[in-house]
Structure formats: C-alpha cells, structure tokens
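Take a look at the structure below.
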Amino acid sequence: MLDYLLSQLLNGLVIGVIYAVIAAGLTIIFSILKIVNFAHGEVFMAGGYFSYFAIALLGLPALMGIPAAMLLCFLMSLLIERTLLTPLYSPKTERKGDYGVLATFGVSILLRNLALLVFGSYPLRPPSFWSGSLIVGAIYLTWDRVFAAGFGVLLLALLVWFMYRTPWGEALNAVGQSRESASIVGIDSTRFYRLAFGLGGALAGAAGALVGPIYSLSPSMGLAPDTQAFAIVILGGMGSVPGAIIAGLLIGLCENMFVAFFPDPSRALTYAQAFSLVVLMIVLLVRPTGFFGRRHMAME
Amino acid sequence: MQPLIEARGLCKRFGGILAVDHLALSVQQGELVGLIGPNGSGKTTTINMLTGHLSPSAGEILLRGERSEGAAPSSFAARRVGRTFQITQLFSRMTVLENMLVPGLARPHSHRAEATRQARAHLEFLGLAKLEGLQAKNLSGGQQKLLELGRALMLDPEILFLDEPFAGVNPFLRDEIIGLIQKLHAEGRTFVIVDHDIEAIQRLVKRLVVMARGAKIADGAVEDVSHDPEVLRAYAGV
C-alpha cells in the first residue's frame, strides 16, 4: 500500500510540474497583458508537434526537440501577438479583456483545426528522451516521466530567476503593475508585452514537448491541460508566477491521488478534472483571491 | 541659443474640443518655469504632449532641436525627460527602493550595484531613506509625490515636468518639496511646474506661462505676469 501511495505521489508530482509549466506561461501572459489566453492549450499542442517534427524531419536528437519546440512556439506566439493583439495597446480599444478573450478563442479554434488538417487525427508518439524505467522496490516510474519532471523543475527555476533576479524580469513586473509608470521611466511597454506573450508560448511549447513521449500527441491534446491551467492560475492567485507553480503541483498531486483512490476505478479518470475544480472551489471559499492573488487586474 | 524643448503651433483636439490651441512655448536649459491656468485650460494636456503621453493633433515638438512629436514616453525618458503626475503613478506593490531601481535598471549598460547606490543617494536627499523597504502603496500622499520625484531623478533628467507637485500636500511638506526643487535647479536641472498653488509657484519660479481655454495668454517674469489684466481676468475672474 505504501509503495502504491509513493508511486502515485511521484506520478502526481510529474503531472503537477507539467501543469505548473503550462500555468506559469498562462499566468505571465495574464499578469502582463491582462488577457486570458484561450489559445494557450493549442500552443502547448503545437509544441508537442514541433518537437516531433524537429526530431523526425531534421534528425535532431530527442532532447533537442524541446528547445526547438520552445523557439518555434515563441515565434508563433510573437506572430499571434503582432497580428491580433496589438489593438490591446491602443487607447481607442474599449473592453480590452473581452477583445483578448475573443481573439485568442478564435486562434485556439483555428490552430486545433489546422493541426487536424496538417497532422491528421491519429496520435503520434515522439521518441523517448530517456528509455526504460526507474524501479525502486515496488515503485515504478518511466525515465521519460522523471526527465519531464526534472526538466520542468529546471525551467521553473530559470523562470523564477529570470522574473525576480534580472532587469528584464523586473521590467516585465513593472509593465504588469503599471504600463503608464513603466513608460515614464523609459520602458517600452509594447516590447515587454511581446516578450511576455512569447515567453508564455515558449513555456507551453516546452510542456507540449515534454509530455509527447509520455501521452502521445493529438490535435485536441491541449484542451484538458488548458482547462486545468485556468483552474491553477485562479488557485495560485491571478498573475502570480510562484502561485501558479505551487497550485500546479497541488492540482497534479490531488488529481493523481483522486484517480488512484477513487472507489470506482472505471470512472476515476472521467472525474479527475472535476475533482481539481472541487479543490479550487474549496480554496476560493477560504481565500477568494487564491494563494497569492490580488483583487483587481485589468488592462489600462 | 537652442531651447532645450520647444513647442511650435501645438494643437490637441479631443473630438470637437480644441484642448490646446496653437501653443508656442520654449524652455531654455536651466530655466524654472511655472505653467498655470484655470481648470481645463490645457496645462496637463500640454505636458502630456511634451512628454509623449499624447500625440499632438498638429504642430511640432523639438527636443534639443530634434523633431519629437508623437514619440513614445519611453523615448522621451531615454532622452532625459522626466515627469511626475497629478495622481502619482508608482509601482504600488514594489518597495520604495524597488520603485527607484526600475528606471535605474531600465537604462542601457546599467549595473544593479551602481543603480542601488544612486537610488539610496536620491532617497537620502528626499528624506525617504528610512522607508526604502516599505511598499509604495503604504506611503502617505506626500511621500508618494517625493518618491515619484525620486524615481524621475533616477533617469538623470535634464528637464523635469512636475504636474501639480503640491496638490494634496500639507504646508510643511510643500515647503520641503519647494526646497528640494530649488536645490535640484541649482544643480542645473530644468523644471516646468504645473500647479494651482499660485503662492508656491510664485516663490519658486522666475518665469510664468499662463494658459486659458487651450491658448497661451501670458509668458514672462512673475511680477509682470501677475499684474497682467488678461491673466487676472482669465485666471482669477477679476
């Protein structure tokens, strides 16, 4: 029983780290641009495919699929931001939040259907980063999962360092707090909106590349993690990167424990997402702003 | 001598309202200018255009002789134009020191240690040194005004536009701010100050520009402008 519990805890941590990477990207976009990016799950999906094709077509080693996916998702996000989101920065645009939701929702539908058209509906599985399994006693974990968690933790650590220890991160934080104030101290806000959207996309792309060898790829693979990421962002506190990381780990763990110990295993997976929302509801009853949230966030 | 900043035929139209009407204004290096006028006379709109926060509908802005109308506020800040706002615009969830460091670190080739040293020197000068660890939102209104001035100083500005620096400030702190502005001016910095506190402005500046209904109605020495019949009519209703 203890081995089973430990196995499930470890699996939950792996999922939690992946959720945290996706949610951290989403929360950066939300905290800086003040929009909910409904296309984030599709960028995650694109990251998986970019990694797959970088390995299959260019013959790159499996590990190089991750930076390739991050770079391509960064560029794809820049393209989305430059072509569709610039009206957000204009004082003439009213209801910017609504505009952001509608624009990114449209992009999500476009990307999902484009993926269906280009990649087909059959699941694809990229090669393993690291084949084999870690077996300690009765605890069993594939090395791909261990690698995904380790790389995810490394990415999150780098993100926290970037956000809180570099002038670029401080400038992002400043733009997120007040675009007006940032501009009078010499920060070109538009440049940092671009960076935030690209960075969020790169994180989603990395998560997509990391889960590819574990769950395989399909055009609709972004739907469930995207929904979870929204719950995680709210749970962590809208706009808080550390909050998103902690909430991601918590949701991953809770979801896995629920699936592992739900009395009817045949239905457990179906209810897993609902269980995360139950966790979210309980936390919000006690802390309406989430773990590290603030009351008001809207585009100036 | 080339003016530090100059506006030629500057206009700003909001729908059917002409908020600034063909304004001509030039400020020389080292001047301390007061910009006054009744509510709605276009003072803040003018400095918003002169610092890049609004694009003029017509006219030219020359910063050190270079055409600059329509440039972004960050571009003005990079060219050593600082400003403060009527309602302070701080990074409210950052500490006092962090607020000071943002402009310091935003400058090219900046170093944290050097920026921190400069920030602490400015905080000392402004009397905010003991509050460096406090979040900006927890400062009093007057302290927030001082911090905004300090943050502008981190740009090492040649010219500073202060929008109502004495509004909502107690008389003691007002005198302190006047003293600080005088010291900074003595160091060679140029100021354009917009305020309704005529007494404070008269104590501080040598040149007054008066606006009414978007147009400049007087520009000259304080003594001359204060007795100008058109100014008395437009500004004081006399």
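The values are calculated or read from the model by the stated rules, or taken from the named source; none is laboratory data. If you're wondering where the values come from, they're calculated on a predicted model, not measured in any experiment. In this analysis, Cβ positions are derived from the backbone assuming ideal geometry, glycine residues included, and neighbour counts consider all displayed protein chains. We work out accessible area using only protein heavy atoms, side chains counted, and drop any ligands, DNA or RNA first. Shrake-Rupley method; radii C 1.70, N 1.55, O 1.52, S 1.80 Å.
Is at least one residue of segment B:109-116 in a loop (DSSP other than H, G, I, E, B), within 14 Å of another protein chain (Cβ to nearest Cβ) and open to solvent by 50 Å² or more (accessible area, probe 1.4 Å)? Working first, answer last.
Restricting attention to segment B:109-116, the residues satisfying the condition of being in a loop (DSSP other than H, G, I, E, B) are B:109-111.
Right, trim to within 14 Å of another protein chain (Cβ to nearest Cβ) and you get B:109-111.
Then keep just the ones that are open to solvent by 50 Å² or more (accessible area, probe 1.4 Å); that gives B:109, B:111.
Taking every residue of segment B:109-116 in turn, at least one turns out to be in a loop (DSSP other than H, G, I, E, B), within 14 Å of another protein chain (Cβ to nearest Cβ) and open to solvent by 50 Å² or more (accessible area, probe 1.4 Å).
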Counting only residues in segment A:32-52 that are open to solvent by 10 Å² or more (accessible area, probe 1.4 Å) and not aliphatic (A, V, I, L, M), the one farthest from A:Leu78 (Cα to Cα) is identified as A:Tyr52
With criteria (1) surrounded by 20 or more Cβ atoms within 10 Å (Cβ to Cβ); (2) of a type in the set (Val, Ile, Thr); (3) farther than 24 Å from B:Met49 by Cα, B:Val222 comes up short on (1)
By residue number, the members of segment B:69-91 that are over 16 Å from the mean Cα position of the chain (by Cα), open to solvent by 10 Å² or more (accessible area, probe 1.4 Å) and either at the interface with another protein chain (Cβ under 7 Å from one of its Cβ atoms) or of a type in the set (Val, Ile, Thr) (or both) are B:Ala72
Only one of (1) touching a helix residue (DSSP H, G or I) at 6+ places or on another chain (Cβ under 8 Å); (2) away from chain B (no Cβ under 14 Å); (3) part of a helix (DSSP H, G or I); (4) open to solvent by less than 90 Å² (accessible area, probe 1.4 Å) does not apply to A:Leu134, and that is (3)
Of those in segment B:44-68 that are in a loop (DSSP other than H, G, I, E, B) and open to solvent by 50 Å² or more (accessible area, probe 1.4 Å), the residue farthest from A:Ala171 (Cα to Cα) is B:Ser57
Suppose the filter is within 14 Å of another protein chain (Cβ to nearest Cβ), over 15 Å from B:Asp195 (Cβ atoms) and either touching a Gly at 6+ places or on another chain (Cβ under 8 Å) or hydroxyl-bearing (Ser, Thr, Tyr) (or both); does B:Thr95 pass it? yes
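If the requirement is being within 29 Å of B:Ile5 (Cα to Cα), surrounded by fewer than 18 Cβ atoms within 10 Å (Cβ to Cβ), modelled with pLDDT under 95 and among the charged types (D, E, K, R), which of these qualifies: B:Asp163, B:Asp156?
Working: B:Asp163 fails: surrounded by fewer than 18 Cβ atoms within 10 Å (Cβ to Cβ).
Testing whether each residue is within 29 Å of B:Ile5 (Cα to Cα), surrounded by fewer than 18 Cβ atoms within 10 Å (Cβ to Cβ), modelled with pLDDT under 95 and among the charged types (D, E, K, R) leaves just B:Asp156.
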Worksheet item: Hey, does segment B:94-102 have a residue that's under 19 Å from the mean Cα position of the chain (by Cα) and outside any helix (DSSP H, G or I)?
Response: no
